[in-house]
Amino acid sequence: MKWFSNSVPESWQVRRLKRAATLCYGDSLAVDERKPGDIPVFGSNGVVGNHDQANLAGPGLVVGRKGSYGKVTYTSGDAFVIDTAYGVDQTCSRCNLRWLFYALLVSTVDEKMRDSPVPGLASRDAHDIQFPLPPLDEQQRIAAYLDASCAAIDQAIDAKRKQRETLDALRRSIIQKAVTAGLNSDVTKEDSGVDYLGEMPVHWKIAKLKRLLDEPLSYGLNESGTDSNPENPRYIRITDFGDDGFLKEDTFRSLPTEIAADAPLVENDILLARSGATVGKSFIFRGFEGPACYAGYLIKARASTQKLMPEFLYLYTKSSAYESWKDLIFTQATIPNISAVKYAYLEIPVPPVSEQADIVRYLDCENKKVSRLQEVITQQITTLIAYRKSLIHECVTGQRRISDADVQQVTSDA
C-alpha cells in the first residue's frame, strides 16, 4: 500500500517497511510488577509509568499496536515497551531513527488494522507498507532539517495557544467584573460578606440558588441512550455540548417519549455537571427545536425569571467567583462531586432584573469579540499544524530535497 507518489528521487529506493525496520513486540508488564526506577514505561499512547529495567535501548521508537494503534512516539533514552505497542531501536533498524519517526508519522501505518472487536495493528500489515528510502546521509539531513523546522513550528503553535489562553482569561475577567460589580464603576459598593464575591453594589442582593428557581434542582435519567430515533425526544448528555457551549449535531441520542417525560428540558434551562471529568461545568439548553431530556450526570436548574435571568446565571457560572466556589467545594470532598444539595446553596449576586438584562447584553457583545479573535487564532493553529504535516510529507517522500545548506540555514535561524 502506497502513501506517496510513484516518482521518488533517482538515488532513493522504494522498499517495504520490513526492509528498513522490524517492529518488535513489547513485553507484558502489569502495574503491580513494575519496580521503582527511572526507566519510562511506554504503551500505545505514550508513557504510562516507570520501571527499573529497559527492553529498548534508546534512542528508539514506540509504535502503538492496540488502542492508539499506529501512534508513533520517539524516545531519546532507554525505555520499557509493554505489549500493547511495538518498539524499534538500532538493533531493529539500519535507518536514522529520527527520519523513520517522521516517515511513520505521515505514512498510512495507522490505517493498517485487523478487523476485530479491539482494533489493532498487526506487524505483518505494517511491515508490508512501502516506504521511499533515501540514502543514510540524506536521511540524516532530512531528520536534522525537520527537527529544527518542526521545533520552530511547534514554538509558534505554543505561542498561539497561549494567546488563546490569554483571551480565555480576559473573557473570565470581563465576566467576573460584570456579574459581581456591574457595569457602572461609579456606583457605591460594599463588602458582600462572601470571600469569592468581594465588593458588590449596595443595591444588589445575594441569594442562594435554590431561592432563585421555579422548581427544585433535579437529577437526570440513568439511561444508556443507545437509541437514535429522530422522532423521539433528544437525550442530552455531558458529551453532547461542544467547547462553544452549544449542542453538537453528530452526537444525537434519544429516548422513548414515556421515559423522557420524567426529565423534560425547556429553552434556557441550565444544566450543571455533578461528577466526572466535567464536574462543575455548566451548559445552557437553547437553540434546539423539539422535546428533550437529560442524563443522570447532569442537574437541571430552571431559573425563576422574575428574580434571575437564566442567561445571567449561566454567565455567572463562567466567572472566577464560581471557579473559587467550586474549588472550595472540591477541598471538602474526597471525590470531586457537586450534588444538587451543594448547588442549591451556591450564593448568587442578584442585581435588579433590568440590570441583569443590561449585563447579559454587554457580555454577549464582549464574548463575541473575544470569540472572533479566538476563531482567528484557532484557524492559524490549524494552518500551522497542516503545514507541519505537509512539510514532513514533502521531505520524507523526496518532493522537497534537503541540502547541507538547508540544514545550516534552518538551524542558524533557530
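General observations
- Residue within the range 249-263 that is outside any strand (DSSP E or B), closer than 27 Å to Val353 by Cβ and in contact (Cβ under 8 Å) with a residue 40 or more places away in the chain present: no
- Any hit, the range 67-83, residues being more than 26 Å from the chain's Cα centre (by Cα), of a type in the set (S, T, N, Q) and farther than 25 Å from Tyr145 by Cα: no
- Of residues in the range 298-315 being in contact with a Gly (Cβ under 9 Å, 6 or more places away or on another chain) and closer than 16 Å to Lys210 by Cβ, the one surrounded by the most Cβ atoms within 10 Å (Cβ to Cβ): Lys300
- Options Val81, Val48, Val63, Val41; residue that is modelled with pLDDT of 95 or more, aliphatic (A, V, I, L, M), open to solvent by less than 20 Å² (accessible area, probe 1.4 Å) and over 30 Å from Pro135 (Cβ atoms): Val41
- Verdict on Gln380 being touching a residue at least 24 places away in the same chain (Cβ under 8 Å), in contact with a helix residue (DSSP H, G or I) (Cβ under 9 Å, 6 or more places away or on another chain), open to solvent by 60 Å² or more (accessible area, probe 1.4 Å) and farther than 20 Å from Asp244 by Cβ: no
- Condition check for Ala143: aliphatic (A, V, I, L, M), modelled with pLDDT under 95, open to solvent by less than 10 Å² (accessible area, probe 1.4 Å) and outside any strand (DSSP E or B): no
- The range 232-248 - residue that is assigned to a loop (DSSP other than H, G, I, E, B) and not basic (Lys, Arg) and, of those, farthest from the chain's Cα centre (by Cα): Asn232
- The helices (runs of 4 or more DSSP H) found wholly in the range 332-414 and carrying at least 1 residues that are closer than 30 Å to Tyr314 by Cβ and aliphatic (A, V, I, L, M) occupy 340-344, 353-396.
- Flag for Gln90 being open to solvent by 20 Å² or more (accessible area, probe 1.4 Å) and not in a helix (DSSP H, G or I): yes
- Filtering the range 1-38 to residues that are open to solvent by 90 Å² or more (accessible area, probe 1.4 Å), farther than 25 Å from Gln90 by Cβ, of a type in the set (D, E, K, R) and in contact with a strand residue (DSSP E or B) (Cβ under 9 Å, 6 or more places away or on another chain) leaves Glu33, Lys35.
- Matching residues, the range 287-297, being over 24 Å from Trp325 (Cβ atoms) and open to solvent by 20 Å² or more (accessible area, probe 1.4 Å): Gly287, Phe288, Glu289, Gly290, Pro291
- When Asp89, Asp78, Asp27 are checked against the criterion of being touching a Phe, Trp or Tyr at 6+ places or on another chain (Cβ under 8 Å), among the acidic types (Asp, Glu), on the phi < 0 side of the Ramachandran plot and in contact (Cβ under 8 Å) with a residue 12 or more places away in the chain, a single residue qualifies: Asp27.
The values are calculated or read from the model by the stated rules, or taken from the named source; none is laboratory data. Every value quoted in this text rests on a predicted model; they were computed, and no experiment measured them. Using ideal geometry, Cβ is built from the backbone for each residue, glycine included, and neighbour counts are taken over all protein chains shown. Heads up: the accessible areas ignore ligands, DNA and RNA and are worked out on the full protein's heavy atoms, side chains in. Shrake-Rupley method; radii C 1.70, N 1.55, O 1.52, S 1.80 Å.
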